[in-house]
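Below you'll find the structure, written out as structure tokens, and then a few comments.
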Amino acid sequence: MNMTRRTSGTTIAAHAVLIGYTLIALFPVFVILINSFKTRKAIFREPLALPDADSFSMIGYETVMKQGDFFLYFQNSMIVTIVSLTLILLFGAMAAYALAEYRFKGNTLMGLYLALGIMIPIRIGTVAILEMMVSSGLVNTLTALILVYTAQGLPLAVFILSTFMKGVSDDLKNAGRIDGLSEYKIFFRLVLPLVRPAMATVAVFNMIPIWNDLWFPLILAPAEEVKTLTLGSQVFIGQFVTDWNAVLSALSMAILPVMILYVIFSRQLIRGITSGAVK
Amino acid sequence: MTALKLENVNKSFGPVHVLKDISLTVEKGEFVVFVGPSGCGKSTLLRVIAGLEDASSGTITIGDDVVNAVPPAKRGIAMVFQSYALYPHLSVKDNMSLGLKQEGQPKSVIAERVSKASKMLELEQYLPRRPAELSGGQRQRVAIGRAIVREPKLFLFDEPLSNLDAALRMNTRVEIAALHRTLSASMIYVTHDQIEAMTLADKIVVLRDGRVEQVGSPMDLYNNPANRFVAGFLGSPSMNFLERSVPGLAAGQTLGIRPEHLALRADGQISGEVTHVERLGGDTNLLVSTDQGEILTVRLFGQNDTDVGAHIQLGFDPEMAFRFDQSDNRILPLAA
């Protein structure tokens, strides 16, 4: 009796904390969304009011569609994010598997070396990276961004995944070897499905900073045809005049794809966790 | 014909010498059990035979072929793991047929072998299920089925019963013995449990610290242990070793007597006090502290009403006792 009451009390408290946090986290997004549908005057008069018949306006979205090459930026962001994520997951998982599974000289040293990038921000090397990209002719290409983001994401991916790979049963891999599976098949068909939750975690961790990044697109690929969405939205922000309608509309639209990707990955996350628990 | 022949096999992990000069043979159709305390190298030896580890030196022959450089899948072996190691995302049927598919066997052969094995192991109704939907005993049978369908020259079992509860362990033990009779295949079985070793084996290999201590049939090892380690390892409760309680022993010598060979006798040579009694119904085990301060176990058949604190005299048949020298080797009795 006492126990149940305390449990329900704890549950309510936990939910209150979580709901409170959700509200705080979603509030800025909410403000951006409602203001993107308002006239410029209404945005400044009552920033927190919902759009009504009087203040409702699609002018921001119209500007974005007309002025910037919005869909191109969108496409660029998508390509960069998805290709970088794919490369991070593929190479990260392979490196992690090698570190976790094979005994070779300098294994630990190699693991430390690969994890070093977690502690050193890649932006410190911006100038060197730019020089490198210039001399290899990769400036103003999406390839430049993909390479940089892959390098940026790999250390954490290797670090997280190798821990998980060590947890995969040796017997299972050996059973695969006895059944004649090649090392690649063991990796792709036995090990990867078992570390899927960890892969989803790594994907979510890497996806959002890549999608939102302004620094490297601005420095490595500022040309019109390779602009990313975040960089493209900057055309509406001027030194003296800012087209807030357009900025808010562009941001609202930028949220969507990253949200869809997040939902996909978090499903994997939940499925992975429950499948482990039921077993 | 021999199924497996090991000649001077050594294995080192860096500076650690795990297997030391192991030589042995397994005859065709023989059930051989590797037994020893944990860390004695028995699992490593099995993995070397399977090809999951490379031997540092020595030759391994399976059937007629030297297989040192042959990958596990091509050695003609099948292995059953302690943790079952079933593929979690495949059905029971696919778990069993994966190895055959990799070998490139035609579908008809695969279907036939899977149905034969599943009938033998009573797994037919579980074929479409995933391992997660099976009980521990069923999973172990699937693991055994996966080994059977490959029709290997040599079965390898790595402590297959350790994850099962006591009742299931007994059943599965009987099933494995029956399986061995039906298939008359060569099998190697690793365990740390001397009861499994005694009940299943045609031949027991006792290992300690990476060395073969003794090889022989279960009764051979029980009746004629080569040294104190083997004598103490096999038999339950384990053998009593006395240095002071029995008169007539030279310094450094030890007398080994199995608990079942001690008897309550008024004229017995050993006297002591009962410190604990275990009544099992069929047997009664007494823990006795001798007057010389040594602890020994006595196994009495049937029920006995001796109580804790009783002072008793114990006797034994000298022919049933073993003597060991200072370095723990057996001193064979002089031919009478």
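Could you list all residues from segment B:298-331 that are surrounded by fewer than 11 Cβ atoms within 10 Å (Cβ to Cβ), more than 26 Å from the chain's Cα centre (by Cα) and assigned to a loop (DSSP other than H, G, I, E, B)?
Those that are surrounded by fewer than 11 Cβ atoms within 10 Å (Cβ to Cβ), more than 26 Å from the chain's Cα centre (by Cα) and assigned to a loop (DSSP other than H, G, I, E, B): B:302, B:305, B:307, B:309, B:317, B:326.
Of (1) in a strand (DSSP E or B); (2) surrounded by 22 or more Cβ atoms within 10 Å (Cβ to Cβ), residue B:23 satisfies all except one. Which?
All conditions are met except number (2).
Only residues that are in a helix (DSSP H, G or I) and either modelled with pLDDT under 80 or surrounded by 21 or more Cβ atoms within 10 Å (Cβ to Cβ) (or both): list them for segment A:236-250, please.
Within segment A:236-250, A:236, A:245, A:246, A:247, A:248, A:249, A:250 meet the criteria.
What number goes with the only condition from (1) over 22 Å from residue A:143 (Cβ atoms); (2) of a type outside the set (Ser, Thr, Tyr); (3) free of Cβ contacts under 8 Å to residues at least 12 places away in the same chain that residue A:90 does not pass?
(1)
Could you tell me whether segment B:19-40 includes any residue that is away from chain A (no Cβ under 14 Å), over 14 Å from the mean Cα position of the chain (by Cα) and more than 29 Å from residue B:176 (Cα to Cα)?
Looking for residues that are away from chain A (no Cβ under 14 Å), over 14 Å from the mean Cα position of the chain (by Cα) and more than 29 Å from residue B:176 (Cα to Cα), one finds at least one in segment B:19-40, hence yes.
Matching residues to (1) polar (S, T, N, Q); (2) surrounded by 15 or more Cβ atoms within 10 Å (Cβ to Cβ); (3) assigned by TED's automatic domain parsing to the domain that holds residue A:193:
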site: A:72; (1), (2), (3): no, yes, yes
site: A:80; (1), (2), (3): no, yes, yes
site: A:91; (1), (2), (3): no, yes, yes
site: A:97; (1), (2), (3): no, yes, yes
site: A:131; (1), (2), (3): no, no, yes
site: A:134; (1), (2), (3): no, no, yes
site: A:138; (1), (2), (3): no, yes, yes
site: A:162; (1), (2), (3): yes, yes, yes
site: A:180; (1), (2), (3): no, yes, yes
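Check whether at least one residue in segment B:162-179 is closer than 28 Å to residue B:40 by Cα, within 12 Å of another protein chain (Cβ to nearest Cβ) and touching a Pro at 6+ places or on another chain (Cβ under 9 Å), and report yes or no.
No.
If I ask for residues that are assigned to a loop (DSSP other than H, G, I, E, B) and small (Gly, Ala, Ser), which ones from segment A:94-134 would you list?
A:106
With the structure loaded, tell me whether residue B:52 is within 13 Å of chain A (Cβ to nearest Cβ) and over 27 Å from residue B:14 (Cβ atoms) or whether it fails that test.
no
Given the structure, is residue A:37 surrounded by fewer than 14 Cβ atoms within 10 Å (Cβ to Cβ), at negative phi and not charged (D, E, K, R)?
When the stated conditions are applied, residue A:37 does not pass them.
Which fully enclosed strands (runs of 3 or more DSSP E) of segment B:175-252 have 1 or more residues being surrounded by fewer than 18 Cβ atoms within 10 Å (Cβ to Cβ) and touching a residue at least 24 places away in the same chain (Cβ under 8 Å)?
B:211-216, B:240-242
Looking at segment B:64-81 only, could you name the residues that are within 12 Å of residue B:153 (Cα to Cα), within 12 Å of chain A (Cβ to nearest Cβ) and surrounded by fewer than 16 Cβ atoms within 10 Å (Cβ to Cβ)?
B:74
Do we find that residue A:207 is in contact with a Ser or Thr (Cβ under 7 Å, 6 or more places away or on another chain) and in a helix (DSSP H, G or I) in this structure?
Yes, satisfied.
Of all residues in segment A:147-203 being facing another protein chain (nearest Cβ under 10 Å) and not in a helix (DSSP H, G or I), which is farthest from residue B:76 (Cα to Cα)?
The residue in question is A:169.
Could you count how many residues in segment B:142-164 are of a type outside the set (A, V, I, L, M), in contact with a helix residue (DSSP H, G or I) (Cβ under 8 Å, 6 or more places away or on another chain) and surrounded by fewer than 23 Cβ atoms within 10 Å (Cβ to Cβ)?
Count: 3.
The values are calculated or read from the model by the stated rules, or taken from the named source; none is laboratory data. What you see is a predicted model, and the numbers here were worked out from it, not measured in a lab. We place every Cβ from the backbone using ideal geometry, glycine too, and count neighbours over all the protein chains shown.
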